[in-house]
Each structure stands twice: as C-alpha cells, then as structure tokens.
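Structure first, then comments.
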Amino acid sequence: MIHSLIRGGQPIAPPDVTRLDMASPGTASQDIASPDIAPPNIISPDTAAPNNAPSGSMEEFRLSPSTPDRQSTSTQDSIPTTSEKTLVHLQHVTKVYAPNITVLDNVSLTVQQREFVFITGASGAGKSTLLRLLYGAEEITSGRVSVAGVHLSKLRKRSLAMMRRRIGVVFQDYKLLPNRTVGENVAFVLRAQGLSRFEVKRRLGPALKMVGLMDKSDRFPNELSGGEQQRVSLARAIVNTPPLLLADEPTGNLDPENSRLVLQILERLNSFGVTIIMSTHDRGLITQSKHRRLHLDNGVLLDRPIQPARSWRSPYT
C-alpha cells in the first residue's frame with residue numbers, strides 16, 4: 001500500500017529512493033521510479049525505538065512512490081528506464097588476477113527485484129570479488145555486469161560514483177570511523193553528498209531505529225560491542241534508502257545471537273522491498289531460512305540447495 005509521509009498535518013515528499021543516477025553513454029536523461037523496488041521509506045524520527053532491539057514495522061516503513069529530483073542532471077548521470085524485474089544480471093563473467101589466478105569462471109547470475117540471495121563458499125572462493133563487481137570496486141576480465149539494466153563497465157567515473165550512492169554495502173570489518181560517533185558515522189555519507197542538516201536528521205533517526213541503536217547515537221565505535229558496530233555499519237548502508245543492499249560476510253565476526261539479529265534486520269528490509277545479496281559462511285543461518293542459496297566452488301557458481309548441517313553428538317554420551 002502506497003502512502004505519503006505526514007508531519008504536522010502536511011505531506012512531506014519522501015527521498016527519491018529508487019533512482020540510481022547512472023549513465024549509459026549516449027542515453028537520454030530519464031529516471032527509474034518504480035514502487036515495485038522501493039526500499040523502506042524514511043519516516044518521522046519523532047518516535048524512539050526500544051533501546052536494545054531493532055524496530056520498524058510495515059506501518060512505520062511505508063513504501064512511497066519516488067518524487068522527481070529537483071536538481072538538474074546531465075545525460076552522463078542518468079539511466080534509461082526499464083520495465084524489467086531484473087535488478088542484477090551477470091553474463092558469462094570471468095575475473096582473473098595477475099599472474100593467472102581465476103577467481104570467477106564464466107559466472108552467470110540473475111537476481112530479481114525484492115529477492116534475498118545467499119552466496120556461500122569456502123574462504124577465497126570469490127564471494128567478496130563477486131560483490132565488489134556489483135558496485136564497481138573491481139573490473140571484470142570478460143563478460144558483462146548489469147545493475148538495473150546498466151552495463152557497469154561502460155559507466156564513466158562520475159556516473160559510477162553516483163550509482164554507488166544507490167547501493168548499500170555492509171562489510172565484515174565494519175569500516176567505521178573511530179573518531180566519529182555512531183550518528184556521525186551513519187550520517188557521513190549523507191553529509192558527503194551535500195544534504196541539508198534537516199534532511200540528514202530526517203534520515204538518520206529512522207536508520208538508527210531500524211537497527212536498534214537510537215540510544216547510542218553519541219557513542220564512539222570503541223564503546224560498542226562487535227554486534228553493535230556491525231549494526232552501525234548496517235545503518236550506514238541503509239540510511240540512503242538503497243534499492244540494492246550487498247552484505248559481505250556481515251556475521252563473520254559475530255556470535256550466534258548477534259548473527260541472528262543482523263539477519264532479522266536484513267530480512268525486515270527485504271520484506272519492505274530491498275533486494276539483498278549476502279555472502280556468508282554461516283550454515284546455521286542459511287539452513288534456518290527459505291531464501292535462495294548459491295554456492296561458489298573454485299570460481300564456478302552453483303545454484304543448488306544447501307543441506308542442513310548435521311548436529312554433533314559427543315561419542316561419550
């Protein structure tokens with residue numbers, strides 16, 4: 001159900017959550033504005049979340065249609081519209097590192113809007129490389145990588161940077177700024193984009209509420225547990241309301257309880273329309289869910305179910 005934001009009896013236009021602001025050379029300036037892929041809408045930060053748990057419901061995170069960007073954009077920073085439901089598409093992608101190390105071998109993959117996809121594999125199998133290809137941090141050796149119908153290798157540097165603003169990335173090692181508070185870490189990407197102080201505040205509260213850290217916005221990273229630091233990283237990834245979220249081993253350094261908490265947040269985001277691609281080693285998490293599961297084995301991507309891990313029993317009992 002599509003709603004408008006209300007504050008003080010007046011409607012507030014939500015941020016343009018589905019624009020990717022990319023360019024395909026020689027294309028006309030157009031926007032993607034499909035509510036089918038709209039991630040959680042920014043809500044009023046007036047209501048605080050519980051202090052020790054993530055919050056958010058369908059009533060709070062309502063889907064809203066995109067509003068046109070009032071700033072002019074050049075043809076180099078736009079992307080042609082598409083009616084396709086495919087958000088991510090890899091065609092025969094190979095990645096080779098010097099001197100001759102093949103990390104990904106003829107990988108083809110299609111991810112639809114609103115999907116939640118697990119990618120598993122041994123350490124060094126290429127999971128991180130695959131995700132880095134999706135936000136343009138690595139270049140392919142051969143093949144094609146498309147996001148929202150745009151061939152990434154054809155994007156110019158400025159357009160690639162604009163595209164990255166619309167892809168949330170969660171890292172295993174958090175990558176937080178140690179001399180900035182939780183709130184400053186999450187708001188950093190918004191301030192870097194030149195958003196007003198009011199707009200930063202409007203987006204910051206809901207992101208912190210979503211991950212259950214409203215009461216710790218003034219803490220520094222070294223005052224947080226590992227699970228809390230990862231939730232800060234997650235809030236930073238979603239504060240810009242991306243249609244696509246890439247999570248690279250987000251539970252790799254966490255205990256089982258915090259791992260489940262992070263997965264619950266990701267699943268809630270997915271239920272609101274965000275497409276999630278998550279790499280993981282945690283068989284316990286993936287066997288408890290019904291999401292699509294892919295496996296990387298020596299650079300080859302296999303689309304197959306993962307068998308539940310056998311429970312261990314002591315030989316002395």
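Ordered by the count of other Cβ atoms within 10 Å of each Cβ, fewest first, R219, R166, R293 give R219, R293, R166. Here the average projected area of the convex hull drawn through the C-alpha atoms of segment 248-307 stands at 4.5 nm².
Using the Cα centre as the reference, give the magnitude of the dipole from point charges on the C-beta atoms of segment 144-277 (Lys, Arg: +1; Asp, Glu: -1; all else neutral), rounded to the nearest 20 debye.
On the way: 22 positive and 12 negative charges, 205 e Å.
Approximately 980 debye in magnitude.
For segment 162-317, taking Cα atoms only, Rg and Dmax work out to 17.2, 64 Å respectively. For K216, the lysines whose Cα comes closer than 22 Å to its Cα, not counting residues fewer than 8 places off in the same chain, are K175, K201. Entry for segment 163-235 at q = 0.11, 0.23 Å⁻¹: log10 I(q)/I(0) = -0.24, -1.08, Debye formula applied to identical alpha-carbon scatterers, no solvent contribution.
On a 27 Å Cα-Cα criterion, which of the cross-link pairs K127/K154; K157/K290; K157/K209 come out too long?
Working: K127/K154 23 Å; K157/K290 38 Å; K157/K209 34 Å.
In this structure, K157/K290; K157/K209 exceed 27 Å between Cα atoms.
Note on segment 214-270: Rg/Rh from Cα positions, Kirkwood definition for Rh, rounded to two decimals, is 0.95.
Values quoted throughout were computed directly from the atomic coordinates according to the rules given, and no laboratory measurement underlies them. These figures come from a predicted structure and were not determined experimentally. Glycine also receives a Cβ, built like all others from the backbone with ideal geometry; neighbour counts cover every protein chain displayed.
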